[in-house]
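K.L.:
Right, I'll just put the structure down here and ask away after.
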Amino acid sequence: MTYSGSTKKSNVLIIIPAYNEGENIKNIVEELRSGYPQYDYVVINDGSSDDTGKILREQGYNHVTCPINLGIGGAIQTGYQYAKEKGYDVAVQLDGDGQHDPAYIGDIVQPILDDEADYVIGSRFVNKEGFQSSVTRRIGIRFLSALITVLCLRKIKDVTSGFRAVNKFFINAFASSYPIDYPEPEAIMDAVMRRKRIMELPVVMRERETGTSSINLRRSVYYMIKVTLDIIVCRISYGIRR
């Protein structure tokens, strides 16, 4: 890994995983720096093949460059390793495609600062405002939500939301181990099974302005099968450990 180096000035770190987000990353970082300077941030350049790395270097943005593409799970885990190494108390995941509105960072961080939650999910489905994703994806999200409800007796509406904040317990846990492929539902499942305090708060998400999602129809089918199996295996493994 290549670290850009930074001075810690906050107890809250914004982790921004970025893979080929050259068209978006400058806007995202500048929005954070100008509108929310009270938070530290780090961009995880996940082996991008476009000009993402060049932009990060030229603009002097705080970032970590992965020598190869680790995938979303590996990139986020790298962010948590950085947060652990620097001693942050709270970490927030913010996607590098611009869909997560930083105006809601304070909302999802505050319950952790107030010691009311360990894990806070920014959910687009609580108030059902803003960009709601495609019909196909919403069906998949409802299925995974129902699966977690049946297996754990805990209802989480937006199980695929990557907009979330966690406390130091999860910073340390995720720095050591984090799901690799499409990790959001699996990470939530892990938090539920650990019997931690999980809170789901309403946010309004934005539609991606530029670039394209890496999840096509074929990957969506793979996603559903893999995550379903992983969730079931995770539930069984926790049952065996008890």
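The values are calculated or read from the model by the stated rules, or taken from the named source; none is laboratory data. Here the structure is a predicted model, which means the values were calculated and not measured. So basically every Cβ, Gly included, is an ideal-geometry build from the backbone, and we count neighbours across all protein chains shown.
K.L.:
Kindly establish whether TYR36 is under 16 Å from GLY79 (Cβ atoms) and in contact with a helix residue (DSSP H, G or I) (Cβ under 9 Å, 6 or more places away or on another chain).
P.N.:
no
K.L.:
Follow-up question, since we're still on this one. Assess whether ASP95 counts as being under 22 Å from PRO179 (Cα atoms), in contact with a Lys or Arg (Cβ under 6 Å, 6 or more places away or on another chain) and in contact (Cβ under 8 Å) with a residue 40 or more places away in the chain.
P.N.:
So ASP95 fails the test.
K.L.:
Of ASP181, ASP158, ASP118, which residue is surrounded by 22 or more Cβ atoms within 10 Å (Cβ to Cβ), of a type outside the set (A, V, I, L, M, F, W, C) and either touching a residue at least 40 places away in the same chain (Cβ under 8 Å) or touching a helix residue (DSSP H, G or I) at 6+ places or on another chain (Cβ under 8 Å) (or both)?
P.N.:
Values: ASP181 fails: surrounded by 22 or more Cβ atoms within 10 Å (Cβ to Cβ); ASP118 fails: surrounded by 22 or more Cβ atoms within 10 Å (Cβ to Cβ).
So the residue among ASP181, ASP158, ASP118 that is surrounded by 22 or more Cβ atoms within 10 Å (Cβ to Cβ), of a type outside the set (A, V, I, L, M, F, W, C) and either touching a residue at least 40 places away in the same chain (Cβ under 8 Å) or touching a helix residue (DSSP H, G or I) at 6+ places or on another chain (Cβ under 8 Å) (or both) is ASP158.
K.L.:
I need the full set of residues from region 62-81 which are of a type outside the set (Val, Ile, Thr) and either farther than 18 Å from LYS168 by Cα or buried (at least 24 other Cβ atoms within 10 Å of the Cβ) (or both), in order please.
P.N.:
Of everything in region 62-81, those that are of a type outside the set (Val, Ile, Thr) and either farther than 18 Å from LYS168 by Cα or buried (at least 24 other Cβ atoms within 10 Å of the Cβ) (or both) turn out to be ASN62, HIS63, CYS66, PRO67, ASN69, LEU70, GLY71, GLY73, GLY74, ALA75, GLY79, TYR80.
K.L.:
When you go through (1) touching a Pro at 6+ places or on another chain (Cβ under 6 Å); (2) part of a loop (DSSP other than H, G, I, E, B) one by one for ILE68, which number turns out not to apply?
P.N.:
(1)
K.L.:
To continue, here is another question. Take region 2-22 and flag every residue that is over 19 Å from the mean Cα position of the chain (by Cα) and over 14 Å from GLN59 (Cα atoms).
P.N.:
Across region 2-22, the qualifying residues are THR2, TYR3, THR7, LYS8, LYS9, SER10.
K.L.:
Taking the stated definitions as given, is TYR61 part of a loop (DSSP other than H, G, I, E, B) and under 19 Å from SER10 (Cα atoms)? I'd like the intermediate steps shown before the answer.
P.N.:
Values: part of a loop (DSSP other than H, G, I, E, B): yes; under 19 Å from SER10 (Cα atoms): yes.
Against the criterion (part of a loop (DSSP other than H, G, I, E, B) and under 19 Å from SER10 (Cα atoms)), TYR61 qualifies.
K.L.:
Have a look at GLU31, GLU21 and point out the one that is in a loop (DSSP other than H, G, I, E, B), in contact (Cβ under 8 Å) with a residue 60 or more places away in the chain and surrounded by 14 or more Cβ atoms within 10 Å (Cβ to Cβ).
P.N.:
Working: GLU31 fails: in a loop (DSSP other than H, G, I, E, B).
Going through GLU31, GLU21 in turn, just one is in a loop (DSSP other than H, G, I, E, B), in contact (Cβ under 8 Å) with a residue 60 or more places away in the chain and surrounded by 14 or more Cβ atoms within 10 Å (Cβ to Cβ): GLU21.
K.L.:
Give me the pairs, please: first residue somewhere in region 142-154 and farther than 16 Å from SER123 by Cα, second residue anywhere and aromatic (Phe, Trp, Tyr) and at pLDDT 90 or above, beta-carbon distance under 7 Å, and either six or more positions apart or on two chains.
P.N.:
none
K.L.:
Which fully enclosed helices (runs of 4 or more DSSP H) of region 110-195 have 2 or more residues being more than 20 Å from GLY87 (Cβ to Cβ) and of a type in the set (Ser, Thr, Tyr)? Lay out the reasoning, then the answer.
P.N.:
Working: elements: 135-152, 168-176, 184-193.
Of the helices (runs of 4 or more DSSP H) lying wholly inside region 110-195, those with at least 2 residues that are more than 20 Å from GLY87 (Cβ to Cβ) and of a type in the set (Ser, Thr, Tyr) span 135-152.
K.L.:
Same structure again: Filter region 1-33 for residues that are of a type in the set (Asp, Glu) and touching a helix residue (DSSP H, G or I) at 6+ places or on another chain (Cβ under 7 Å) and give the result.
P.N.:
Within region 1-33, the subset of a type in the set (Asp, Glu) is 21, 23, 30-31.
Residues satisfying the conditions are GLU21, GLU31.
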